[in-house]
Structure formats: structure tokens, C-alpha cells
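Please read the structure below before turning to the comments.
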Amino acid sequence: MAALGSWALWSFCSRGWSRAASGCRLPGLRSSSPRGPLGARLLSQEKEATETHFGFETVSEEEKGGKVYQVFESVAKKYDVMNDMMSLGIHRVWKDLLLWKMRPFPGTQLLDVAGGTGDIAFRFLNYVQAQHQRKQKKQLRAQQNLSWEEIARKYQNEEDSLGGSRVMVCDINKEMLKIGKQKAHAQGYKAGLAWILGDAEELPFDDDKFDVYTIAFGIRNVTHIDQALQEAHRVLKPGGRFLCLEFSQVNNPLVSRLYDVYSFQVIPVLGEVIAGDWKSYQYLVESIRQFPSQEEFKEMIEDAGFQKVTYENLTSGIVAIHSGFKL
């Protein structure tokens with residue numbers, strides 16, 4: 001995925017994060033000035049025109065970035081519908097399991113990369129809000145001597161229903177972010193949520209900024225996976241956690257045969273009928289087959305500097321959740 005020369009703030013909201021003055025940059029965002037650290041690094045790191053894969057097709061690395069961008073620009077409006085159709089709704093369970101594995105604590109700062117339509121971000125906000133409400137109720141039950149006026153006042157004075165937790169959604173594709181922002185508005189998500197246009201290989205954030213980094217069904221589309229993993233490690237705080245939900249290699253022979261037939265014979269047809277785009281979903285299927293195995297990807301995560309790296313197979317290995325810590 002080609003690096004962006006500049007970073008744009010798509011939209012963001014929540015108390016304490018907004019900046020009224022135009023031209024002010026968000027705290028923790030890196031400068032995009034050619035004389036700044038990111039600009040200097042971009043100028044100094046010219047990528048060689050080596051070959052890579054785009055599905056089963058061999059292309060240059062520069063060409064892959066553009067092709068992947070076009071795929072998600074094309075499917076953005078039907079992305080969520082197609083996820084439901086292709087997985088028969090199971091992707092929702094996989095994403096729920098990712099949140100349950102994360103178990104965010106009050107005040108967690110989450111970076112969700114390649115999260116354009118907001119599925120992980122919305123689940124995170126729901127989780128931390130419910131957690132904060134349970135904590136608040138527990139505190140009130142422990143204070144049995146409070147009058148009803150004092151209890152009501154405590155609820156009314158509660159300014160942050162998320163307990164200080166925040167999520168930044170970072171995606172390279174403007175159309176995907178546009179859909180996510182529309183969903184957030186329609187579903188009433190406002191506080192604690194930011195939308196950032198940025199590249200997984202060159203994240204526009206300072207070092208040691210986030211408690212958790214998530215990327216769901218996105219890392220296989222990155223041209224330089226090793227570089228994206230190094231960036232994940234860089235932006236996490238010491239003790240921070242990396243979580244990746246991604247398609248993987250099926251470990252059951254019977255399920256594998258059925259899965260291959262479904263993937264190559266059904267999914268592209270669904271893409272054509274529902275999204276009017278056969279080629280993008282043919283690429284999706286092929287990109288899954290090109291992604292490293294669970295053990296290979298585990299080694300890549302360790303090579304990026306993460307420790308205590310593990311993975312958990314879901315649905316016979318159709319997908320896996322990889323976890324690692326910056327220690």
C-alpha cells in the first residue's frame with residue numbers, strides 16, 4: 001500500500017480532543033511537513049519497484065497500493081452487506097470475540113487500523129460504556145446512605161460515559177471512512193471517536209501513544225506487512241497490546257474443501273449480484289490464500305518486536321486472532 005504524502009483528519013469528536021483553530025494538529029499526530037520527522041522519513045525511504053502479489057496476479061509494489069485502494073473504494077457502500085452475506089453473519093461473532101479477548105479497561109486508548117466502517121470501534125465504545133455503567137452502579141450500591149437527590153446528581157454530573165476511553169479509526173481509504181462516519185451519525189456514536197485518514201505502513205501518530213492496536217481483516221491488504229507490524233509496535237505504549245483478526249488457513253481437510261468451493265464459486269457471484277463487482281471479491285478470495293499461515297504470521301509479529309505472541313483459531317481456522325504485547 002503506497003504511503004500517503006500527507007495526512008488528513010477526516011473528522012473527530014469527543015470532549016477534550018477537538019481544536020477550534022484551523023491549522024492546529026491533533027495531539028499525538030505527526031507533522032506532515034517535509035521538514036518534519038515524518039516528511040524526512042518519507043523522503044529518505046524510497047521503495048524499490050519490486051514485485052508482489054495482488055491476489056494471484058503479480059504486480060509491482062507501487063501498483064498494488066493503487067489496486068487495493070480501488071477495490072475498497074468500489075465496495076465501500078456494500079461492504080457491510082457483503083460481509084453479512086459472505087460469512088452468513090458469522091463475522092459479527094468473530095469481531096465480538098476480538099473485543100472479549102481485548103477486555104479493555106477504563107481509560108483505554110485504542111487505535112483501530114483499516115477500520116473504516118467502524119465495526120470494531122462501535123463494539124469497543126459499547127463495551128467500555130457498559131463497563132463504566134456497571135462500575136458506576138456498583139459504587140452507588142455501596143453508598144446506601146445517599147439520598148435520591150444525591151444519586152440523581154451523581155448521574156447528572158457524569159460527563160464522560162466512557163470512563164476516559166477513546167478510539168481512533170485509521171484507514172487509508174476515504175470512501176470507507178465516509179461510510180463509517182455516516183454509520184456513526186446514524187447510530188448515535190459521538191463521544192470518544194475519531195476518524196483519521198492514514199496508512200498502516202506510515203502511521204501519523206507519535207510513539208508510545210495507544211494502549212491497544214487492532215486491525216481486523218486489513219493487514220493482508222498491506223503491501224509491506226512487516227512495516228505495518230513495526231508501526232503497530234512503535235505507536236503502542238510499553239505494555240500495549242496488538243490484536244489482529246484475519247482470515248487464515250483452515251485446519252480441517254473437509255472444511256477446507258467446502259470452504260474452497262464456496263470461496264471461489266459463490267463469493268465472486270455474490271459480489272457481482274449484490275455489489276456489482278466480481279473482480280474485487282475474486283481478489284478478496286485470492287488474497288486470503290496468499291496470506292501467511294498462522295505460524296508464519298506469528299513469527300512475523302515476533303520479528304516486529306512483540307512478545308508473548310499467541311493465536312487462536314476460530315471456525316476451524318477460517319480466521320484467527322493473533323495477540324502480542326510490547327514489553
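The values are calculated or read from the model by the stated rules, or taken from the named source; none is laboratory data. Owing to the predicted nature of the structure, the values given are computational and were not obtained by experimental measurement. FYI the Cβ positions are ideal-geometry reconstructions off the backbone, even for glycines, and counts take in every protein chain you see. The protein model used for the area step is the full one, side chains on, heavy atoms only, and it has no ligands, DNA or RNA in it. Shrake-Rupley method; radii C 1.70, N 1.55, O 1.52, S 1.80 Å.
Just a few scattered comments:
- Estimated inter-spin distance, Arg289 and Val266, nm [label 7 Å along Cα→Cβ]: 1.8
- In this structure, the pairs whose alpha-carbon distance is over 31 Å, taken from Lys101/Lys190; Lys237/Lys298; Lys78/Lys308; Lys183/Lys298, are Lys78/Lys308; Lys183/Lys298.
- Amide H to amide H distances under 5 Å link Gly240 with Lys326, where only residues 5 or more positions off or on other chains count and H is placed in the peptide plane.
- Residues of the stretch 226-327: accessible area per residue with a 1.4 Å probe, Å²: 45
- Apportionment of accessible area to carbon and sulfur, the stretch 174-301, percent (1.4 Å): 53
- Total charge dipole magnitude, the stretch 186-327, about the Cα centre, Cβ charges on Lys, Arg, Asp, Glu only, Debye to nearest 20: 440
- Across the stretch 234-288, the mean sequence separation of Cα contacts (distance under 8 Å, 6 or more residues apart), normalised by length, yields a relative contact order of 26 percent.
- The slack between Arg257 and Leu97, meaning 0.36 nm per residue of separation minus the straight C-alpha distance, is 55.1 nm.
- Under the Karplus curve 6.51 cos²θ - 1.76 cosθ + 1.60, θ = phi - 60°, whole-Hz ³J(HN,Hα) for the stretch 238-243, x wherever Gly or Pro sits: x, x, x, 10, 9, 10
- Taking 7 Å steps out from each Cα toward its Cβ at His185 and Leu327 produces label points 4.5 nm apart.
- Built amide H within the under 5 Å cut-off of Phe210, gap 5+: Leu236, Lys237
- Using θ = phi - 60° and Karplus 6.51 cos²θ - 1.76 cosθ + 1.60, couplings along the stretch 183-193 (whole Hz; Gly, Pro as x): 4, 4, 5, 5, 9, x, 8, 10, 5, x, 10
- In terms of packing, defined here as the mean over residues of other Cβ atoms within 10 angstrom, the peptides 168-180, 242-254, 189-201 line up highest first as 168-180, 189-201, 242-254.
- In units of the compact-protein estimate 2.2 N^0.38 Å, the stretch 185-318 shows a Cα radius of gyration of 1.22.
- Rg and Dmax of the stretch 254-327, Cα atoms only, in Å: 15.6, 47
- Counted by Cβ distance under 10 Å from Ser263, the other residues give a net charge of -1, where Lys and Arg count +1 and Asp and Glu count -1.
- FRET efficiency for Glu302 and Lys138, using Cβ-Cβ distance with R0 set to 22 Å, rounded to 0.05: 0.05
- Cα lying deepest toward the dipole's positive end in the stretch 44-120, options Thr52, Met102, Val81, charges on Cβ: Met102
- Alpha-carbon centroid distance for the pair the stretch 257-327 / the stretch 107-122, whole angstrom: 19
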